[in-house]
1. Strictly over 30 Å apart at the Cα level, which of K22/K102; K20/K60; K16/K97; K2/K47 would you flag in this model?
2. No solvent, one uniform scatterer per C-alpha: report log10 I(q)/I(0) for segment 29-104 via the Debye equation at q = 0.26 1/Å, two decimals.
3. Calculate, in whole percent, how much of the Cα-Cα pair population of segment 57-101 lies beyond 15 Å.
4. Can you tally the net charge around A63? Count Lys and Arg as +1, Asp and Glu as -1, for every other residue whose Cβ sits under 13 Å from the Cβ of A63.
5. Going through segment 51-96, which trypsin sites (Lys or Arg not before Pro) have at most 13 other Cβ atoms within 10 Å and a DSSP loop state?
6. For segment 9-38, run through the trypsin sites (Lys or Arg not before Pro) and keep only the ones in DSSP coil with at most 15 other Cβ atoms within 10 Å of their Cβ.
7. How much length is gained on full extension from R82 to T6, taking 0.36 nm per residue of separation minus their Cα-Cα distance?
8. Report the net charge of residues surrounding V34, where surrounding means a beta-carbon distance below 11 angstrom and charges are Lys +1, Arg +1, Asp -1, Glu -1.
Amino acid sequence: MKRIQTGDEVIVIAGKAENKGKRGKVLSVHGDRVIVDGVNQVSKHVKPNPQLGIEGGVVKKNASIHVSNVMLFNPETGKGDRVGFKIEDGVKFRVFKSNGAKVS
């Protein structure tokens, strides 16, 4: 089980100045990198392909960001929080370190 999973709301704590402090939903996790909606957007130049119906031009897309640069957002405290694990009745689940609340 990973500390950050797809669908979690995270806050960016480090990286480019325009990304710091942004909140967003994790779209996907690839190893130690995550793609967060609306964070770390890059411009990609796309060549037109009339056979596939693709128009050419400049397209904005989300680039990945390292998992160490994001923290899970805790809605109770309104801040980023570290994540720990607990096991109860043979079931492992994630908890916030600050208040011990279960991550939904």
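1. Working: K22/K102 23 Å; K20/K60 19 Å; K16/K97 26 Å; K2/K47 37 Å.
Listed pairs above 30 Å: K2/K47.
2. -1.16
3. Values: 583 of 990 pairs.
The answer is 59 percent, as a whole percent.
4. Details: positive: K16, R33, K44, K60, K61; negative: E18, D37.
In short, +3.
5. Numbers: sites: K60, K61, K79, R82, K86, K92, R94; in loops: R82.
Listed in order of number, the matching sites are R82.
6. On the way: sites: K16, K20, K22, R23, K25, R33; in loops: K16, K20, K22.
Passing both the DSSP loop test and the Cβ count: K16, K20.
7. Details: separation 76, 0.36 × 76 = 27.36 nm, distance 1.67 nm.
So the chain would gain 25.7 nm between R82 and T6.
8. On the way: positive: K2, R3, K25, R33; negative: D8, D32, D37.
The answer is +1.
Any read-out appearing in this document is the output of simple, stated calculations on the displayed coordinates, not a laboratory observation. Given the structure is predicted, the values throughout are model-derived calculations rather than measurements. All Cβ positions, glycine included, derive from the backbone under ideal geometry; neighbour counts span all protein chains shown.
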